[in-house]
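Can you keep this structure in mind? I'll have questions shortly.
Just so it is clear, none of the values below were taken in a lab; they were calculated from the coordinates. Predicted model only: the values in this text are computed from it and were never measured. Virtual Cβ from ideal backbone geometry, glycine too; neighbours counted across all protein chains shown.
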Amino acid sequence: MYRHFSEADAARTSPLYERVAVALSESDEALRAIESAPARKRHPTVILAALHDLALAGRAPALAAAYAAADGDAAADAAIDTLLRMTDSVVAIAVRRQTRTNETGRCAVLYPAIAEAARRVGANAVGLIDVGCSAGLNLNVDRVGITYSNGQSLGAPSSPVQLSSSIVGDRPIPTRAMPEVVARVGVDLDPLDVTDADDARWLRACLWPDQPDRPERVARLEAEMALVATAPPLLLKGDAVDVLPDSFSRVPADALPVVTTTWVLSHFPPESRLRFLHRLDEAASGRTVAWVSVEGVGVAPTIPTLGDRRASGHSIIGLAEFDGSAARAEAIGRCWSRGRLMSWLADS
């Protein structure tokens, strides 16, 4: 697993992680230490992030120094040494945490889709409910600035967080503004509070230490965390299917609840996806509910696949409305590379 990670994943973007992963794969002692973690927590991205977390916390200074110097051999030696000396700490972090990849391109996709949901039902205010929210960065979708490759822009032009996305095809993105956001609710098995030092450090630890665009990604993450800290969202911990009823109760009655899922339903068993859909339908017994999904082809139930292949490499942007009658579901776009490229399809 570690050798494959080195060759197939890290080799393209992270010489440090490429070298460290090879070293771990060749050390019987290191592999035995990794095997003390539960099987689902032995993946290189989890263990390497746990080691990075210790380095950022000042508990593995040799590893931190090697990363700072971009010294692959020193990083390999320090990673093995840290893992063997602090096996219990590495495993404890790995067991507690999940790797986080909150790519900001998601907001470029979510903004026009949420605005479209509000337009269709005539909503003057929305309450956002982000399932699989991590630290709730996507709940600030209306507070960031977004520029598209065709010259269009959405959001807040003076925001410290500025994002971009490339448009595929000739159809423009709808430029209507989102209505007022009156509730921001995040749902996650392990939500992260950016005002908590340990949680914020874990977000930083999930960034690879030497990716080519690391400075930009670090600066963007810091800006996003600072923006969230100015108005922290409500974070609800638990299984989404169980927590959704509570999340709907946090949205004022005169606002449209908009549930968002971005590449999270693939982690749900098929039966849980159907239960999730049932929860949305239940909530709509007394009010209209919208669901904006950005998921792989065929992952989001009821969202049309447009005849696309499941292994196509892109995702479908879906919009579904529930009002107590039959749900209305539509594929309103496609996107690639976690929102860095998108194509709008809906007539709006």
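Which translational diffusion coefficient, to the nearest whole µm²/s, is obtained for the range 51-151 from the Stokes-Einstein equation, given a Kirkwood hydrodynamic radius over C-alpha pairs, 4 °C and 1.567 mPa s? Can you show the working numbers first?
Numbers: Rh = 17.2 Å.
Once the numbers are plugged in, D ends up at 75 µm²/s.
Counting pairs of alpha carbon atoms under 8 Å apart in space and at least six apart in sequence, what relative contact order in percent does the range 238-312 give? Can you show the working numbers first?
On the way: 65 pairs, mean separation 26.7, N = 75.
Once normalised by length, the contact order is 36 percent.
Where Lys and Arg each count +1 and Asp and Glu each count -1, what net charge lies around E18 among other residues with Cβ under 14 Å from its Cβ? Mind showing how you got there, number by number?
Details: positive: R3, R12, R19; negative: E7, D9, E26, D71, D73, D210.
Surrounding charge for E18 is -3.
Rounded to a whole number of µm²/s, how large is the Stokes-Einstein D of the range 2-96 at 37 °C and 0.692 mPa s, given Rh as the Kirkwood radius over C-alpha pairs?
Working: Rh = 12.8 Å.
Approximately 256 µm²/s, per Stokes-Einstein.
What list do you get for E180, E295 if you sort them by fewest beta carbons within 10 Å?
Exposure proxy ranking, most exposed first: E180, E295.
Going by how many other beta carbons lie within 10 Å of each one, how would you line up S158, S293, fewest first? Please report the intermediate quantities before stating the final value.
Values: S158 7, S293 27.
By the 10 Å Cβ count, ascending, the order reads S158, S293.
With unit charges on the beta carbons (Lys and Arg positive, Asp and Glu negative) and the dipole taken about the Cα centre of the chain, which residue among V264, T147, T230 sits farthest to the positive side?
Ranked along the dipole, the leading option is T147.
How many Å³ per residue does the convex hull of the Cα positions in the range 198-274 occupy? It would help to have the intermediate numbers written out before the result.
Working: hull volume 11.5 nm³, N = 77.
For the range 198-274, the hull spanned by Cα atoms encloses 149 Å³ per residue.
Something else now. Calculate the length of the line joining the C-alpha centroid of the range 188-227 to that of the range 14-43, in whole Å.
So the separation of the two Cα centres works out to 23 Å.
In the neighborhood of M86, defined by Cβ-to-Cβ distances under 12 Å, what is the net charge if each Lys or Arg adds +1 and each Asp or Glu adds -1?
Summing Lys and Arg as +1 and Asp and Glu as -1 gives -1.
Shifting gears a bit: From the residues P157, T175, Q211, which one has its Cα farthest along the dipole of the range 132-225 in the positive direction, the dipole being from +1 and -1 charges on Cβ of Lys/Arg and Asp/Glu about the Cα centre?
T175
Putting +1 on Lys and Arg Cβ atoms and -1 on Asp and Glu Cβ atoms, find which of S25, A79, A57 reaches farthest to the positive end of the dipole of the range 2-96.
In the range 2-96, that residue is A57.
What's the whole-number percent of alpha carbon pairs in the range 214-348 lying beyond 24 angstrom? Display every interim value, and only then the final one.
On the way: 3560 of 9045 pairs.
Of all Cα-Cα distances in the range 214-348, 39 percent exceed 24 Å.
Continuing with this model, one more query. If each residue's Cβ is checked for other Cβ atoms within 10 Å, how do D73, D281 rank with the fewest at the top? If you can, show how the numbers build up before the last one.
On the way: D73 11, D281 16.
Lowest count first: D73, D281.
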